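The values are calculated or read from the model by the stated rules, or taken from the named source; none is laboratory data. Just so it is clear, the structure is predicted and the values come from calculations on it, not from any experiment. For neighbour counting, all protein chains shown are included, and Cβ atoms are generated from backbone atoms with ideal geometry for every residue, glycine included.
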Amino acid sequence: MTQTSAHMHALSLDDNGLPVITTERLRLRAPKADDTPLAIVGPWTPGDWPETEVGWSVIDPATEGTGIATEAAQAVIRFAFDELGWDTIVHYIRDGNTRSIRLAEKLGATLDVDAPQPDGTPCLVYRQPAPQVAA
């Protein structure tokens, strides 16, 4: 098991099987380190969607801007490519969601205007490049 895989298995799961990030799971030195959800980040593949997605949702507003979602998304992307064997990843983002757009771009994803929409729902589709293989 890789380090990323071990990290992913250490996270709590929500009712949909997505990893939930909590202060306890992060081992934060917080006044109240518990299983209060901060964010959800994970691989998402509904059967009727055209492509595999790594998605995220920040639950606790105090988590915005801390880098937690970035680090978790980086780990999930590595996990999806390395452990799940995905050959493509997209991020479906509601138009106007500037924080998610910035995060996708920070992760190296670029807007793919030709990508199919999930369920016919209009959204922006950011395509994640595969990680570079070390020579």
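General remarks:
- Flag for Thr63 being of a type in the set (Val, Ile, Thr) and surrounded by 14 or more Cβ atoms within 10 Å (Cβ to Cβ): yes
- Once region 45-57 is narrowed to residues that are surrounded by 20 or more Cβ atoms within 10 Å (Cβ to Cβ) and touching a Ser or Thr at 6+ places or on another chain (Cβ under 9 Å), the residue that is nearest to Tyr126 (Cα to Cα) is Glu53.
- Of the residues examined, Glu105 is not one that is surrounded by fewer than 15 Cβ atoms within 10 Å (Cβ to Cβ), farther than 18 Å from Arg127 by Cβ and among the acidic types (Asp, Glu).
- Residue match in region 111-125 (condition: within 15 Å of the chain's Cα centre (by Cα) and among the polar types (S, T, N, Q)): no
- Qualifying residue in region 72-90 (condition: part of a strand (DSSP E or B), surrounded by 15 or more Cβ atoms within 10 Å (Cβ to Cβ) and either at pLDDT 85 or above or in contact with a helix residue (DSSP H, G or I) (Cβ under 7 Å, 6 or more places away or on another chain) (or both)): yes
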